[in-house]
Amino acid sequence: MEECAREAEALLRRNLTPHGVLAATRSPRAEARRYTRIFARDAGICALAMALSEDAALVSGARASLLTLARHQADNGQIPKYVDPEGREPDFWYVGCIDATLWWLIAADFLARHAPEASLSRELASHVDRAVTWLHAQEHPRLFLLQQNEASDWADIMPRSGFVLYTNALWYRVKRLYDLPHADTTRHHANHLFHPFSRDLPEYRRLRLLTHYARQRARNRDLYLSFVNFSFFGDEGDVYGNLLAILFGLAEPAQAQAVLGALERSQVHEPWPVRVTCEPIRQGDPLWRDYMARHRQNFEHQYHNGGGWPYVGGFWVMALAALGREERARQQLVRLAEANRVNRWEFNEWFHGLSGEPCGMPGQSWNAATFLLAREAFAGRALFEI
C-alpha cells in the first residue's frame, strides 16, 4: 500500500501541466483518444486527493485545473467535459456532460476546506453561481431531482436517462455543500424513486407512476435503481451510483448496510475492485443500444458494462471504511494497490470483468487519486463530512 501511494503521487505529478492535471499519461494512443485533456470529472476527483497531499505542486495543479475549466465555462453556466492542455478547445459532449459541472463544484468546495491556501472562493464565486443556475435548469420543479439524456455522464455509452442515481447522488452532495434549497426534498424523492420497494407509494401522481413499474418488475431490491424513466428503469446494479448514495448520505444507515451487503453478494470486488455493474446489459436486452458496441468496447463485462474500474474501487474502499468494515476495507485497499501495480504500475483504466485482463488507457490520474483518498479513509479521515 505504501509503494502504491508513492507511485500514485508520482503519477499525478507526471500528469500535471501548467493548466491542470491530464486524465492520463501522454502517449501517441492517449493523444489520439483525447485522454491528454483536462477532464472536469477526472480533474475534480483528482483535486480532492491533491488538496490533501501536502505537496505544493499537486495542490497548485488542483487549483489550475479548476481555473482552466472555469475560464471555458459556457455562457449558460455549464462546465465543459474537457479542455485541451493548452487551455483551448473546450468540449461539452454530444448531449451535454452533466457530471462535469457537479464534480467541479464539489472539488471547488473541497479545495477551500482542505487547502485554504489555494482556495478559489473569491475567484470562482461568479462561476459557481452560474454553474448552480445551469444545474437548476436541469432540475424537475416538483421532484427537485436532475434530469438528463442517455450517455451524458461518466458512463457515456450506457442507456441511463431521465432521473439517474449517480447524478442525483452528486446533486444532493452539491446541495448540502452550497446550502441550496430543497436538499431534504431531493433526498426524499431520490429515495422514493430509486428505491421504491420498502416505502409507501408517493402521493405525487407523476412520481407514483414512475415507481409503479419498478415495484412490479425490479429484481435486486436491496440496491438503488441506476435510473428511472417513463415506463422503464435500470436494475443492472450501478455500483458507483450506489456507493455514492452511501458516501454522500442519500441512504439511511440501514439502507446503506443493505446496499453494501448486496454488492458483496454480487462479488463486485472480483476479479479486481470493482466491477461497475452487478449484471451486464446483454445484447438483445431492451436496454441494449447499438452505440454500446462503439469501438467494440461496451459488450458484457467490458468498460462501463461490467468492467472493473480501479478508480471506482477507491470509492468501494471508502464506503467499506465509512460503514465500519475496517478489515474488509484493508483487504480491498491491498487488492486495489495490486490492480494498479499490474504491468509495473501501469494504473490501467479498467479490467475485463471476468478474465481480469487489463484494458483501456494506462496512466490514469483518477486511479491514483482515489487510491490516495481510499487510503486516507482507511486511516480514519472523514472525507465527506459537511
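The values are calculated or read from the model by the stated rules, or taken from the named source; none is laboratory data. The structure presented is a predicted model; accordingly, all values stated were derived computationally and were not measured. Heads up, the Cβs are rebuilt from the backbone with ideal geometry, glycines too, and the neighbour counts pull from every protein chain shown. The accessibility values were calculated without ligands, DNA or RNA, using every heavy atom of the protein model including side chains. Shrake-Rupley method; radii C 1.70, N 1.55, O 1.52, S 1.80 Å.
Please verify whether Leu165 is closer than 20 Å to His304 by Cα and modelled with pLDDT of 95 or more, treating the condition exactly as stated. Taking the combined requirement at face value, the residue satisfies it.
The number of residues in the stretch 98-143 that are over 17 Å from Ala183 (Cα atoms) and touching a strand residue (DSSP E or B) at 6+ places or on another chain (Cβ under 8 Å) comes to 2. For the stretch 111-128, a tally of residues being open to solvent by 10 Å² or more (accessible area, probe 1.4 Å) and either at pLDDT below 95 or under 19 Å from Val59 (Cα atoms) (or both) returns 9. Among the residues of the stretch 45-104, those identified as among the hydroxyl-bearing types (Ser, Thr, Tyr) and either under 24 Å from Val132 (Cβ atoms) or open to solvent by 50 Å² or more (accessible area, probe 1.4 Å) (or both) are Ser60, Ser65, Thr68, Tyr82, Tyr94, Thr101. When you check Ala131 against the structure, is it free of Cβ contacts under 8 Å to residues at least 60 places away in the same chain, among the aliphatic types (A, V, I, L, M), buried (at least 22 other Cβ atoms within 10 Å of the Cβ) and in a helix (DSSP H, G or I), yes or no? So Ala131 passes the test. Counting only helices (runs of 4 or more DSSP H) that sit completely within the stretch 279-386, zero hold 3 or more residues that are open to solvent by less than 30 Å² (accessible area, probe 1.4 Å) and in contact with a strand residue (DSSP E or B) (Cβ under 7 Å, 6 or more places away or on another chain).
Within this structure, Glu117 fails the test of being more than 24 Å from Glu376 (Cβ to Cβ), in contact (Cβ under 8 Å) with a residue 24 or more places away in the chain and among the charged types (D, E, K, R). Is it true that Phe110 is among the aromatic types (Phe, Trp, Tyr) and over 19 Å from Arg160 (Cβ atoms)? Judged against the criteria, Phe110 is a match.
When the stretch 168-192 is filtered for residues that are hydrophobic (A, V, I, L, M, F, W, C) and either more than 20 Å from the chain's Cα centre (by Cα) or closer than 23 Å to Leu223 by Cα (or both), the ones remaining, listed by number, are Ala169, Leu170, Trp171, Val174, Leu180, Ala183, Ala190. Those helices (runs of 4 or more DSSP H) of the stretch 174-268 in which at least 2 residues are open to solvent by 20 Å² or more (accessible area, probe 1.4 Å) and more than 20 Å from Ala329 (Cα to Cα), considering only elements entirely within it, cover 183-194, 205-217. Scanning the stretch 110-128 for residues that are within 18 Å of Ala40 (Cβ to Cβ) and not in a helix (DSSP H, G or I) returns a single hit, Leu120.
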